[in-house]
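See below for the structure under consideration.
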Amino acid sequence: MSTPQQIEKALYDLRMDYLNQLPNTIEQVETDWQSLAKTWQKDVLQHLQTLIHKLAGSAGSFGLSALSEAAIPLDTNLRMLRQKNENPNQDEWATIEQQLRFFIQVAKDGCHQQKTEKMATPDNVITDDEPITPNGRLLYLVDDDENYAKDLALHLTKAGYTVKVLHEAENLAKLVTQQPPAALIMDVMLAENDLAGPQITYKIQKDRTTPLPVVFISARRDMTARLAAVRANGDGYFTKPFPPAVLINKLNQLTSPQAQHRYRILIVDDSGVYADKYAKLLQNAGMSVRILAQPMRFLDALEKFPPELILINAQLESISGLEMAMVIRQQDKFARLPLVFFAQQFEQTLRRAAIRGLGDDFISHDVSGEEMIATIINRLKHAEKSHQPAPDDQQDHNRDRLTGLYHRNYLLAQLELLSKQSNRHPLSCVYLNLDNYRGIDKIMGPVATDRILQETAHLLRKYIHPPHVLARFSESVFVVIYINHPLNDIKTIAENIRHALENKITEVGDQHLISTCSIGISVHKNHNDINQMLKNADKACHEAHNNGGNSVVLHDSAHNTHLDQQRQIYWQSHIRYALDNEGFYFAFQPITNLHGEAALLYDVLLRMKGKTAKESIRPNEFLPFAEQSRLILAIDRWVISHVIEHLQKRHQMGEECAFFVRLSEQSLNDEGLLRWISKQLITFNIPTTALIFDIPLDVANENLRAVQNFTQHIKSLGCRFALRDLTNNPGALQLIRLLPVDFIKIQGSLVQSLSNNQSDLEAINTIVSHAHSLNKWVIAPCVEDAKSLNTLWHQEVDYIEGYFVELPEEVPMVS
């Protein structure tokens, strides 16, 4: 039985072996390329692409993230060349040769940097020598990269799993039958072909009575690979390299006793044509299925066999499928039951059913078994998430989807109404921020932070009751508006909440988390603007956090004025230091085309380096002070210059990407900015269409002339323009006509509440229709689940972004 210390030693030895083998691998790459330069041979090209693909996936896991990043675009182009199945033209050859030279240089630099570390003891060796207790769960890991598979298997073993590693899938089906694993980890690309993993997995799944939990891993980031994984009923998709902890969290969810469940499906079909075929497909996927051939008796059927999803023939003979859906939706206990229609042809009335909330999905009568199972499972999993404990009015569009609390916009609207009555009903504000939220997010990812937020919301409901208003205000912030409540009681409740949270343990898989909070309290003064109460509570919360967190602070005007001055001086100093010493860096959020077209678009997110290598500071913490001191002008120029420089490097590597750069209101009125941008573009010589300036709707409304002047000039340079936070407000839609917009970003709150709010679905439909009539591209941000993705696809949205699609890629700046 292994100990953590033994595993850490094995991981260290494996890393040293990898580094020692790397020069030989690079030599093989050079040899293959020289051979291709003389004579173009398909088998040599395949061998070269296999080498590069493995390095793209494994190098980052062994401390060479720059090598992984250099390998990814090269791997993509080599794979496309293989698929093209003909000799490259001159431009393709030049691009790949340039990428290859860059890749080899990065590899050699990486080998040189690692030499000094070979004799050092790894920093993360654990001294605990207690044997690891196996959790009794067997995993099959299928990956043809031996070094990478060994490394990942060691991490999984350390987490308590028993791991069997397979470098080829030839005997996988037999093994799964003889000794079924708790889960399968499958690489997408194997020796058979570029999508062998999903194809082999589908064949295994269709012969099983119970579906096997499957997580796909790959260096491929394209939509083709992701769709193949979805169609093979994959439960997760992780792009290499990734922290082993995120995979372990996912496996803990999939293999827990609670995860094992046999879904109940009711098929309603009186045609006698489809039901038996569909039932067999779903039963082979491990579902319990009943067929109802007499639709008029469906209410009895629902009682005798309560389904978790109903598959309905939209063209029933004895009753309209839509009428049946209406009757089901009228009953509260079935109001959230997923309904999937199938038909030979979908008329406009059926399409409208989706907008009216009657149908959750539509499939063609001749749909492949693979696609049907994927659709059904996605709907079931989404329904499971929506049925998590929440208030009875969870479906209210004024509520945050994750926590069930009111969202920010609702609270602000209520605050405006309450402010008009504040003389009769005095108001107070409590502002609560989770102290270690960012650290949990960095180490354990969104699964852990979502659980922390849900548990915190559940705790707050025990202390906050109507008529007081409780809301999730931002990422890790909760706000309470107290109406006509004694201040001493509010302070006591705040202390009780702080104490309860401090002693609350949240379980995420095998991990036990504790999250403390900082709380600020302020009282509304009649002579102050109502928004000042929020700002004062925020300031008091900041003071509590700066005092070490896990405390409650009551705002004091005189004292906080002094603190504001100190804080302004503090942040001015830090911002100036960051500007002078490369103290900022970027996170690139991928923007994915929903219709399969290859387009590498990224949203550029700014971060400030923290006190440690793992700590980062989000822009909402320092940008308000930058705006007050006008340092925002310098930050905007820093961002633009570094984005242009980064674009140049990526384009030199053959990656034809484009970046969305956010611009502040002050920079729009900076007379010298346009001339400076022009000089930067000339200096770095990048395709100007790769630079997309991104301005929020409210800033455009308030600075229309400045925005018109700015966009006119940047469009003349060849750059593009995006307008974000768009709503279906007539004024906002009119603004699209007045400005030369290329991209429109829908307001995030419309997307987040998409599945719960009919009016938001209609708003998005209006925005998309209006934008497309003007030949504008539409982007939907904040996509958090498969159902929203599918709905947006049906609404003909062009692009999506969000953590569900892909996590941001953090890239440190190198001077």
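The values are calculated or read from the model by the stated rules, or taken from the named source; none is laboratory data. Remember, predicted model here, so these are calculated numbers, not experimental data. Note that each Cβ is placed from the backbone with ideal geometry, even for glycine, and that neighbours are counted across all protein chains shown. Heads up: the accessible areas ignore ligands, DNA and RNA and are worked out on the full protein's heavy atoms, side chains in. Shrake-Rupley method; radii C 1.70, N 1.55, O 1.52, S 1.80 Å.
Table: residues versus (1) part of a loop (DSSP other than H, G, I, E, B); (2) touching a Leu at 6+ places or on another chain (Cβ under 8 Å); (3) among the β-branched types (Val, Ile, Thr); (4) modelled with pLDDT under 90.
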| position | (1), (2), (3), (4) |
| --- | --- |
| Ala722 | no, no, no, no |
| Asn728 | yes, no, no, yes |
| Ala732 | no, yes, no, yes |
| Leu750 | no, no, no, yes |
| Ser759 | no, no, no, yes |
| Glu762 | no, no, no, yes |
| Thr766 | no, yes, yes, no |
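The C-beta contact set for the range 599-617 (first residue within 27 Å of Asn77 (Cα to Cα) and of a type in the set (Asp, Glu), second residue modelled with pLDDT of 85 or more and not in a strand (DSSP E or B), distance under 9 angstrom, 6+ apart or interchain) comprises Asp603/Pro781; Asp603/Glu801. For Cys429, the conditions (1) at pLDDT 75 or above; (2) in a helix (DSSP H, G or I); (3) farther than 30 Å from Ala232 by Cα are fulfilled apart from (2).
For Val477, are the conditions met, namely being open to solvent by less than 30 Å² (accessible area, probe 1.4 Å), within 22 Å of the chain's Cα centre (by Cα), modelled with pLDDT of 75 or more and closer than 20 Å to Ile519 by Cβ? Yes.
Taken over the range 18-27, the criterion of being at pLDDT 85 or above and either surrounded by 13 or more Cβ atoms within 10 Å (Cβ to Cβ) or of a type in the set (Ser, Thr, Tyr) (or both) is satisfied by Leu22, Thr25, Ile26.
Yes or no: Ala626 buried (at least 16 other Cβ atoms within 10 Å of the Cβ), free of Cβ contacts under 8 Å to residues at least 60 places away in the same chain and among the small types (Gly, Ala, Ser)? Yes: the conditions hold for Ala626.
Quick one: would you say Gln41 is within 31 Å of the chain's Cα centre (by Cα) and at pLDDT 80 or above? Spelling it out, it is not the case that Gln41 is within 31 Å of the chain's Cα centre (by Cα) and at pLDDT 80 or above. Is it true that some residue in the range 173-182 is modelled with pLDDT under 90, outside any loop (DSSP other than H, G, I, E, B) and basic (Lys, Arg)? Scanning the range 173-182 turns up at least one residue that is modelled with pLDDT under 90, outside any loop (DSSP other than H, G, I, E, B) and basic (Lys, Arg). Just one of the numbered conditions (1) open to solvent by 40 Å² or more (accessible area, probe 1.4 Å); (2) among the hydroxyl-bearing types (Ser, Thr, Tyr); (3) under 30 Å from Glu615 (Cα atoms) is not true of Tyr463: (3).
Could you tell me which residue of the range 1-45 is farthest from Gly160 (Cα to Cα), considering only residues that are touching a residue at least 24 places away in the same chain (Cβ under 8 Å) and not in a helix (DSSP H, G or I)? This residue is Trp40. Considering the range 65-86 alone, what residues qualify as being part of a loop (DSSP other than H, G, I, E, B) and out of contact with any helix residue (DSSP H, G or I) (no Cβ under 9 Å at 6 or more places or on another chain)? Scanning the range 65-86 gives a single hit, Glu86.
Checking each residue in the range 303-318 for being in contact with a strand residue (DSSP E or B) (Cβ under 9 Å, 6 or more places away or on another chain) and either in a loop (DSSP other than H, G, I, E, B) or among the hydrophobic types (A, V, I, L, M, F, W, C) (or both) picks out Phe305, Pro306, Pro307, Glu308, Leu309, Ile310, Leu311, Ile312, Ala314, Gln315, Leu316. Listed here are the helices (runs of 4 or more DSSP H) enclosed by the range 444-554 that have at least 3 residues being small (Gly, Ala, Ser): 530-546. Reported count of residues in the range 715-741, each being in contact with a Lys or Arg (Cβ under 9 Å, 6 or more places away or on another chain) and open to solvent by 30 Å² or more (accessible area, probe 1.4 Å), is 3. Using the structure shown, decide if Asn775 is free of Cβ contacts under 8 Å to residues at least 12 places away in the same chain, surrounded by fewer than 18 Cβ atoms within 10 Å (Cβ to Cβ) and within 26 Å of Ser641 (Cβ to Cβ). No; evaluated as a whole, the condition is false for this residue.
Residue-level analysis places Ser641 outside the set of residues that are of a type in the set (Ser, Thr, Tyr) and either open to solvent by less than 20 Å² (accessible area, probe 1.4 Å) or at pLDDT below 90 (or both). Taken as a whole, the range 690-705 holds at least one residue that is within 26 Å of Gln105 (Cα to Cα) and modelled with pLDDT of 90 or more.
Residue-level check: of (1) open to solvent by 10 Å² or more (accessible area, probe 1.4 Å); (2) at pLDDT below 90; (3) of a type in the set (A, V, I, L, M), Met533 misses just (1). Residues of the range 260-277 that are closer than 16 Å to Leu380 by Cα and either out of contact with any helix residue (DSSP H, G or I) (no Cβ under 8 Å at 6 or more places or on another chain) or modelled with pLDDT of 90 or more (or both): Gln260, His261, Arg262, Arg264, Ile265, Leu266, Ile267. For the residues Thr561, Thr592, the requirement of being in contact with a Phe, Trp or Tyr (Cβ under 8 Å, 6 or more places away or on another chain) and either modelled with pLDDT under 90 or in a strand (DSSP E or B) (or both) singles out Thr592.
Of the numbered criteria (1) more than 24 Å from Val188 (Cβ to Cβ); (2) open to solvent by 80 Å² or more (accessible area, probe 1.4 Å), the one Gln83 fails is (1). Counting only helices (runs of 4 or more DSSP H) that fall entirely inside the range 186-285 and contain at least 2 residues that are closer than 30 Å to Gln83 by Cα, touching a strand residue (DSSP E or B) at 6+ places or on another chain (Cβ under 7 Å) and open to solvent by less than 30 Å² (accessible area, probe 1.4 Å), the qualifying elements are 196-206, 223-231.
Of all residues in the range 162-176, those that are crowded, with 18+ Cβ neighbours inside 10 Å have Cβ atoms under 8 Å from Cβ atoms of residues that are of a type in the set (Gly, Ala, Ser), 6 or more apart or on another chain, in Val163/Ala153; Ala169/Ala196; Ala169/Gly197. Pairs linking a residue in the range 478-497 that is acidic (Asp, Glu) to a residue that is buried (at least 20 other Cβ atoms within 10 Å of the Cβ), with Cβ atoms under 9 Å and 6 or more positions apart or on different chains, are Asp489/Tyr482; Glu495/Ile519; Glu495/Val552. Here the range 780-815 is the region considered, the condition is being touching an Asp or Glu at 6+ places or on another chain (Cβ under 6 Å) and modelled with pLDDT under 80, and the residue that is farthest from Tyr237 (Cα to Cα) is Ser815.
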